[in-house]
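Report on the following structure.
The values are calculated or read from the model by the stated rules, or taken from the named source; none is laboratory data. Keep in mind that this is a model prediction, so the values were computed, not measured. Here the Cβ positions follow ideal geometry from the backbone for every residue, glycine too, while neighbour counts run over all protein chains shown.
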Amino acid sequence: MATSSAPILAVDGGRPAVDRDELRRWPEITKADVAAVVSALETDIGSAAGKNVTLLGEEFCAYTSRKYAVVVSSGTAACHAALIAAGVRSGDEVIVPALSFQATFLAVQQCDARPIIADIRPDTFTMDWGDAARLVSERTRAIFPVHAHGLVADMDAAQKFATRHGVVLVEDACQAMGATAHGRMAGDFGVTAAFSLARAKPWTAVVGGIMSTDDTDSYQAARYLANLGERRQPLAPGDLRAYWCEYPGFNYRLSASDAALARSQLKRLDAYLARARENLAALCDGLDGIPGLVVPHIPSDHVPSVAYARFMVDPAVFGWTGHPRECSDRIIWALRAEGVMASRWQLNPLSAMPALRRSTAEPYYPGMPQAPLRPVDRTLHPVTWHVLDSSFILGEEPYMFHVQTDRAMTQFVEGIRKVFEPAHMARILASDDYKPVRIVPPIPEDIM
Ligand SMILES: Cc1ncc(COP(=O)(O)O)c(C=O)c1O
């Protein structure tokens with residue numbers, strides 16, 4: 001085995017490359033955030049439709065140049081509202097990419113529609129429109145691309161696809177607040193779009209979501225859905241709420257204090273996005289050209305919001321002949337020992353989820369008979385399997401790129417270079433000490 005002149009690996013007892021005290025945790029809560037929340041609690045908490053919620057919608061519209069925003073309680077609710085507001089109805093089919101958070105397909109099921117899963121592109125990890133074309137049927141109502149990792153999917157192709165097949169384009173922009181493609185912001189392309197304010201997002205209130213649109217009727221549809229079927233309006237002093245339920249709907253409203261936190265965080269969004277982009281560029285510059293490692297590809301004229309960054313590894317370069325997932329697991333193990341907080345985001349394509357392998361899409365109910373699941377089919381969505389087997393993620397919560405220092409990025413580069421140094425990689429891939437990262441709860445099927 002080749003010997004190495006690089007510092008000893010942390011998994012072998014060497015000093016970790018990253019000084020853990022250097023890492024900043026996300027989200028950052030400032031005194032201004034605390035003051036905004038306290039003020040909302042003192043003055044605005046009495047009503048979920050209070051002034052902070054209204055102002056949040058207006059400020060979101062000003063930031064994104066959208067006409068309408070419906071503030072809701074989560075990105076999942078925003079996805080549901082975006083689909084309903086785009087006209088998705090019971091029995092329709094909606095094409096979604098195989099790499100996403102489960103909310104993307106759950107929102108389709110909440111419309112009593114059927115999610116149809118398309119493969120992704122190997123370079124941008126977003127919807128493969130060629131594969132999606134294969135899946136179009138007369139029941140297809142909408143396409144629901146995801147701006148995965150905060151990179152706007154190919155919206156030029158999406159819009160052509162929608163026109164050619166007579167379907168509506170809805171954007172899952174939950175990870176992509178502030179991301180742009182050709183100067184246009186995420187949310188600018190579809191009839192409707194969904195954003196999330198969850199914790200692991202570039203703009204966060206820990207909970208919350210927003211459905212946006214330029215279409216008046218879509219806006220009204222989302223408001224009915226999110227407000228228990230009422231046409232709610234701000235009440236003047238002395239007015240009484242009508243409690244007049246016109247359509248089935250849900251209580252998807254956000255509290256005044258959550259809205260206040262979101263508004264306060266929005267003031268710093270540009271600074272966070274700039275920091276995340278600088279950090280990603282520093283990593284890509286520092287790691288480009290390492291054999292067996294592929295840095296994230298950002299298509300020209302795209303500016304991501306950098307929800308995460310996915311690095312592909314090529315096991316063949318290291319002479320690894322086993323399963324690629326074990327190779328990337330071993331790399332994650334060695335990187336984490338160095339203090340480089342490498343991780344996975346999604347372990348399998350959405351099509352492998354049990355929720356999509358039952359004959360019906362009902363939620364679990366007490367006494368539900370446990371019908372056998374359709375087996376996991378690895379021949380479906382081969383690119384997504386390949387990507388998830390052969391990659392790791394950096395920049396995940398609580399170590400999002402939006403708050404990391406230059407020094408932390410320099411140390412990340414050092415740690416990753418150390419692990420990918422050929423003699424070290426040989427040792428990592430041969431090690432008997434390796435322990436797979438624990439998955440909680442364990443996934444019952446063998447997804448390898
Ligand atoms: C792509 C995508 N869609 C939808 C959601 C759902 O957002 P939330 O967690 O706010 O419900 C998320 C967030 O986790 C997401 O990443």
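Among the residues of region 31-81, those identified as in contact with a helix residue (DSSP H, G or I) (Cβ under 6 Å, 6 or more places away or on another chain) and polar (S, T, N, Q) are N52, T76.
Quickly run through region 250-276 and pick out the residues that are small (G, A, S), under 14 Å from T30 (Cβ atoms) and in contact (Cβ under 8 Å) with a residue 60 or more places away in the chain.
First, pick out the residues of region 250-276 that are small (G, A, S): 255-257, 259-260, 262, 264, 271, 274, 276.
Okay, now just the ones that are also under 14 Å from T30 (Cβ atoms), so 260, 262, 264, 271.
Matches in region 250-276: A260, A262, S264.
Just one of the listed residues (A86, A107, A98) is closer than 30 Å to W385 by Cβ, in the same structural domain as R139 (by TED's automatic domain parsing), within 10 Å of the ligand (Cβ to nearest atom) and not charged (D, E, K, R), and it is A107. When the residues of region 292-344 are filtered to those that are within 16 Å of the ligand (Cβ to nearest atom) and of a type in the set (G, A, S), the one that is surrounded by the fewest Cβ atoms within 10 Å (Cβ to Cβ) is S343. No other residue among A153, A162, A193, A205 is surrounded by fewer than 24 Cβ atoms within 10 Å (Cβ to Cβ) and modelled with pLDDT of 95 or more apart from A162.
Within region 274-329, which residues are farther than 17 Å from L388 by Cβ and of a type in the set (V, I, T)? If the condition is that a residue be farther than 17 Å from L388 by Cβ and of a type in the set (V, I, T), then I290, V295, I298, V303, V306, V317, T321 are the ones that fit. Would you call S390 under 27 Å from M127 (Cα atoms), of a type outside the set (A, V, I, L, M) and either free of Cβ contacts under 8 Å to residues at least 40 places away in the same chain or not assigned by TED's automatic domain parsing to the domain that holds W203 (or both)? Yes; evaluated as a whole, the condition is true for this residue.
When region 281-311 is filtered for residues that are under 20 Å from K201 (Cβ atoms) and in a loop (DSSP other than H, G, I, E, B), the ones remaining, listed by number, are P296, I298, P304, S305, V306, A307, Y308. Residues in region 168-190 that are surrounded by fewer than 24 Cβ atoms within 10 Å (Cβ to Cβ) and either over 16 Å from H302 (Cβ atoms) or not assigned by TED's automatic domain parsing to the domain that holds R253 (or both): 2 in all. For the residues R253, R231, R263, the requirement of being within 22 Å of T192 (Cα to Cα) and surrounded by fewer than 16 Cβ atoms within 10 Å (Cβ to Cβ) singles out R231. For region 81-88, the count of residues that are in contact with a Lys or Arg (Cβ under 7 Å, 6 or more places away or on another chain), touching a residue at least 12 places away in the same chain (Cβ under 8 Å) and either surrounded by fewer than 21 Cβ atoms within 10 Å (Cβ to Cβ) or outside any strand (DSSP E or B) (or both) is nonzero. Taken over region 404-442, the criterion of being in a helix (DSSP H, G or I), over 30 Å from the mean Cα position of the chain (by Cα) and exposed (fewer than 13 other Cβ atoms within 10 Å of the Cβ) is satisfied by A430 alone.
Considering region 197-217, the residues that are part of a loop (DSSP other than H, G, I, E, B) and of a type in the set (A, V, I, L, M, F, W, C) include one that is farthest from the ligand (Cβ to nearest atom), namely W203.
Table: residues versus (1) over 21 Å from the mean Cα position of the chain (by Cα); (2) in a loop (DSSP other than H, G, I, E, B).
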{"site": "R15", "(1), (2)": "yes, yes"}
{"site": "W26", "(1), (2)": "no, yes"}
{"site": "S39", "(1), (2)": "yes, no"}
{"site": "T54", "(1), (2)": "yes, no"}
{"site": "E59", "(1), (2)": "yes, no"}
{"site": "L99", "(1), (2)": "no, yes"}
{"site": "L106", "(1), (2)": "no, no"}
{"site": "Q109", "(1), (2)": "no, no"}
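Only a single item in (1) surrounded by fewer than 24 Cβ atoms within 10 Å (Cβ to Cβ); (2) touching a Phe, Trp or Tyr at 6+ places or on another chain (Cβ under 6 Å) is not met by L99, and it is number (1).
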